1. Within the stretch 381-395, track down each residue that is aliphatic (A, V, I, L, M) and touching a strand residue (DSSP E or B) at 6+ places or on another chain (Cβ under 9 Å).
2. What are the residues in the stretch 193-227 that are open to solvent by 60 Å² or more (accessible area, probe 1.4 Å) and assigned to a strand (DSSP E or B), if any?
3. Does the stretch 291-322 hold any residues that are open to solvent by 80 Å² or more (accessible area, probe 1.4 Å) and under 43 Å from the mean Cα position of the chain (by Cα), and which are they?
4. Report yes if some residue within the stretch 455-469 is open to solvent by less than 30 Å² (accessible area, probe 1.4 Å) and farther than 30 Å from A346 by Cα; otherwise report no.
5. What's the number of the only condition in (1) in contact with a helix residue (DSSP H, G or I) (Cβ under 9 Å, 6 or more places away or on another chain); (2) closer than 21 Å to I377 by Cβ that V284 fails to meet?
6. Find the residue count for the stretch 710-724, including only residues that are open to solvent by 90 Å² or more (accessible area, probe 1.4 Å) and either over 49 Å from the mean Cα position of the chain (by Cα) or closer than 30 Å to E581 by Cβ (or both).
7. Pick from the stretch 725-742 the residues that are among the hydrophobic types (A, V, I, L, M, F, W, C) and part of a helix (DSSP H, G or I): which of them is surrounded by the most Cβ atoms within 10 Å (Cβ to Cβ)?
8. With the stretch 58-133 as the region, which strands (runs of 3 or more DSSP E) entirely inside it contain at least 2 residues that are under 21 Å from F44 (Cα atoms), touching a residue at least 12 places away in the same chain (Cβ under 8 Å) and in contact with a Phe, Trp or Tyr (Cβ under 7 Å, 6 or more places away or on another chain)?
Amino acid sequence: MYLSLNWLKDFINLPKNIKPEEIGEKLTNHTVEVEKIEKQSDRFKNIVVGRVLEVKKHPNSDHLNLTKVDIGLKEPLDIVCGASNVAAKQLVPVAIIGAELPNGMKIEEREVRGEKSFGMICAEDELGLGEGHDGIMVLEKAKVGQDFGEYLKLDDIILEVDNKSLSNRPDLWGHLGIARELAVILETKTTGEFKNIFETKLANNDKAEKIAVKVEDETLCPRYMAIKITGLEIKDSPEWLQKRLSAVGMRPINNIVDATNYVMLELGQPLHAFDAEKTKKIIVRRAKNGESIKTLDGLDRKLDDNMLVIADDEKSVAIAGVMGSENSEISNDTKNIILEAANFNASSVRKTSTKLSLRTEASMRFEKSLDPALCPIALARALEIIKKTCPEAKIDSQVTDINNYLAEPTVLEINLTWISQRLGEDLGKKKIIKILDSLGFKVESISAHVIKVSIPSWRATKDIKIKEDVLEEIVRIYGYNNIKTQTPSVTMEAPQPNEERLFERTVKNILTSGAMATETLNYSFLNEEKMTKLKMSSQGLIKLANPISNLHTHLRADLFPNILDNIKINQAKNEALSFFEIGSIFADTTGTINKNQNSGEYLPYQEKHLALVAAEGSARDAYDKIKGQFEYLIKRLNFSTWNFSASLSGQAPEWAEKGTYANVLAGDSELGFVGLISREIASGLGLKKSVAVLEINFTKLFSLYQSLPSKVYNKPNKYPAVERDLAFVVDAKVLYIDIKEVIEKFSSLIKKVELFDIYEGEKLGNDLKSLAFHIDYESVDKTLTTSEVDELQKGLIKKLEEKFEAKIRNF
């Protein structure tokens with residue numbers, strides 16, 4: 001949408017010396033996005049006034065002329081021209097090399113039928129100043145070399161606004177709405193002309209009859225107003241009106257059509273004028289399926305019953321909210337008109353416009369949900385302008401106003417504390433009320449912290465519905481850039497940790513690193529064929545109602561059967577394999593069905609298991625490996641206080657090798673099982689290695705882990721340790737661990753005992769060995785002296801001599 005700065009000045013008192021760029025920046029920051037600002041005269045850059053000096057026929061063409069044109073340079077320009085009315089001594093608009101015409105044509109040096117041309121003498125339509133193309137445009141009282149924009153007295157500044165930023169603001173589709181916004185943003189006053197538009201009463205001829213109007217669909221047409229005007233003379237609009245329209249890209253047509261377009265661009269409310277002699281009656285109805293209408297653009301358009309039309313008893317005369325038809329348009333012979341101001345359903349106009357591929361200035365506005373209260377204001381303004389262009393015009397009917405729009409006023413109660421919390425700062429009650437008042441909201445103070453806000457009609461149709469919308473109005477006028485940037489004062493707390501998930505990650509890290517096992521993730525499904533090969537019963541398994549394939553017909557009750565497939569797939573490339581998986585198993589056993597409290601449905605029992613499978617060349621190696629991996633896991637989890645063991649079971653499953661299946665116990669509690677896959681079962685599954693499996697209840701393991709004593713931080717001792725080395729010769733049958741235990745318990749000052757050497761040889765004699773220890777002596781109260789350590793060491797040696805017949809090694 002284009003905005004004329006001169007037009008805006010009619011409605012607001014702009015601050016002195018404010019630059020157009022500043023206006024554009026403020027509009028962008030507070031209201032709508034201004035894409036471009038340009039001088040109106042820039043549209044005619046490199047187009048100047050020239051005088052034709054000479055005209056002669058083109059030697060190689062019957063309809064072209066060779067001209068010489070003076071544009072104020074030392075030498076005249078040679079220009080090839082095809083216009084039949086070109087003549088010497090004419091003053092004409094000349095587009096020189098480098099010019100770009102409004103229609104997009106770029107002027108360059110060209111050779112036309114063997115003759116060079118260094119510019120172009122322009123017609124009206126080529127300059128966007130009309131539709132005339134019968135000949136070149138001939139000027140009057142112009143100065144040679146003068147910029148064409150200066151000749152046209154183009155002193156306006158044009159602001160181009162991005163239409164997308166207007167989508168939720170139907171009130172901004174005219175200069176009046178933008179002026180209202182600028183008055184608030186620039187903190188300036190509106191002019192008397194602004195107030196007069198809203199205060200002008202709609203003229204009415206009480207003595208005349210009303211126009212016959214029937215609205216058949218009140219939903220699609222909430223309001224329809226019409227008035228008859230007679231005594232008209234159709235002619236060109238006055239210069240001021242044409243200049244205003246041309247400035248914002250609207251082509252002038254005649255004084256009546258121009259008046260309706262002017263009001264649309266000024267107020268945002270489209271109007272339409274019908275030739276009264278061609279439209280005897282007005283019916284607002286849905287179109288009939290297959291009905292056609294020839295619109296003002298000369299195209300026949302087929303309609304359907306979802307579209308709204310304006311019609312009389314015989315024909316359709318307009319597509320409501322989109323475009324009029326040729327059969328009721330204003331012509332040079334028109335004397336009387338019916339002027340329409342209506343409000344149409346936004347969704348209906350949008351759908352009609354899209355389906356017909358006919359997007360017009362009117363449809364773009366109607367589809368934004370216009371304020372029905374704008375109809376009488378627009379009608380009064382149009383009558384005022386028509387009277388200026390045609391003083392003899394008379395109102396020849398009463399005003400018809402069919403108003404079915406009964407919207408209740410929107411009133412919102414807003415807590416000022418709520419506003420402050422969301423802005424991050426307190427603007428103060430006076431500031432908030434001032435902003436809302438300036439925007440046209442009515443504000444009533446209910447209490448110190450609560451206000452009641454009434455939404456104006458021009459903002460209530462689509463834009464302002466909830467208190468958050470009002471908050472947005474406050475902050476955009478206050479200025480987003482004025483809100484202080486600061487770190488939120490909200491206390492940040494870490495979320496409650498998921499201890500089981502953390503434990504699961506710990507277990508996975510232990511198994512994949514030190515235990516050298518590979519994690520695998522399998523489907524939670526298996527089938528009866530696999531259960532048969534493992535000689536396992538399918539009783540208690542949950543059968544799927546709609547399995548993804550015949551390989552996945554049941555939910556698994558154990559993890560290890562699917563891991564056996566991982567062994568089979570990888571066994572050819574590896575001598576030894578080890579896989580583990582942590583996942584859920586499912587069961588359909590009586591008494592273990594959980595009821596979903598929300599849906600009332602019964603869900604299968606499930607719990608999390610850990611399965612570990614090892615494949616080696618021999619059964620012994622496989623069993624030892626899986627045993628070692630499990631013991632490593634238990635040790636790394638610090639289960640030193642628990643007695644984990646394996647107890648041979650008398651009721652081993654058929655898949656297990658006899659004498660290898662055992663229950664894994666944690667104290668007296670059964671945790672799971674361990675066993676070897678029998679050779680017969682392994683062969684049936686295609687396993688070529690000995691396979692050991694261990695599967696335990698992961699949930700129970702986690703419960704045991706949670707019961708372990710918490711780790712306590714011990715503050716490092718600030719006093720240094722004294723290190724001594726002792727080597728003892730003892731009987732070869734004496735265990736190192738027994739000697740270490742005696743040393744550690746001898747004194748509380750002995751903090752660390754480490755075996756660093758074992759020696760057996762001829763010098764010692766038969767059945768003897770030497771054990772050498774590092775021993776650290778340390779006190780939490782003081783630094784130990786040499787004599788104190790010597791005394792302790794003497795006692796220790798004596799103790800070992802008595803207990804193990806140990807002798808100090810001195811060689």
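The values are calculated or read from the model by the stated rules, or taken from the named source; none is laboratory data. Everything quoted here is computed from the prediction, not taken from an experiment. No Cβ is skipped: glycine too gets one built from the backbone with ideal geometry, and neighbour counts run over all protein chains shown. Please note that ligands, DNA and RNA were not included when accessible areas were found on the heavy atoms of the full protein model with its side chains. Shrake-Rupley method; radii C 1.70, N 1.55, O 1.52, S 1.80 Å.
1. Hits for the stretch 381-395 are A382, L383, I386, A393, I395.
2. Selection gives K210, K214.
3. Step one: of the stretch 291-322, the residues open to solvent by 80 Å² or more (accessible area, probe 1.4 Å) are 294, 299-300, 302, 306, 313-314.
If the condition is that a residue be open to solvent by 80 Å² or more (accessible area, probe 1.4 Å) and under 43 Å from the mean Cα position of the chain (by Cα), then K294, L299, D300, K302, N306 are the ones that fit.
4. Within the stretch 455-469, none of the residues are open to solvent by less than 30 Å² (accessible area, probe 1.4 Å) and farther than 30 Å from A346 by Cα.
5. So V284 meets the others, but not (1).
6. Going through the stretch 710-724, the residues open to solvent by 90 Å² or more (accessible area, probe 1.4 Å) turn out to be 710-716, 718, 723.
Imposing the further condition that a residue be either over 49 Å from the mean Cα position of the chain (by Cα) or closer than 30 Å to E581 by Cβ (or both) reduces the set to 710-711, 714-716, 718, 723.
Counting residues in the stretch 710-724 that are open to solvent by 90 Å² or more (accessible area, probe 1.4 Å) and either over 49 Å from the mean Cα position of the chain (by Cα) or closer than 30 Å to E581 by Cβ (or both) gives 7.
7. Step one: of the stretch 725-742, the residues among the hydrophobic types (A, V, I, L, M, F, W, C) are 726-730, 732, 734-735, 737, 739, 742.
Filter once more, so that each one left must be part of a helix (DSSP H, G or I): 737, 739, 742.
Values: I737: 9, I739: 20, V742: 16.
My answer is I739.
8. On the way: elements: 65-70, 77-81, 91-96, 110-112, 115-117, 119-121.
Fully inside the stretch 58-133 and qualifying: 77-81.
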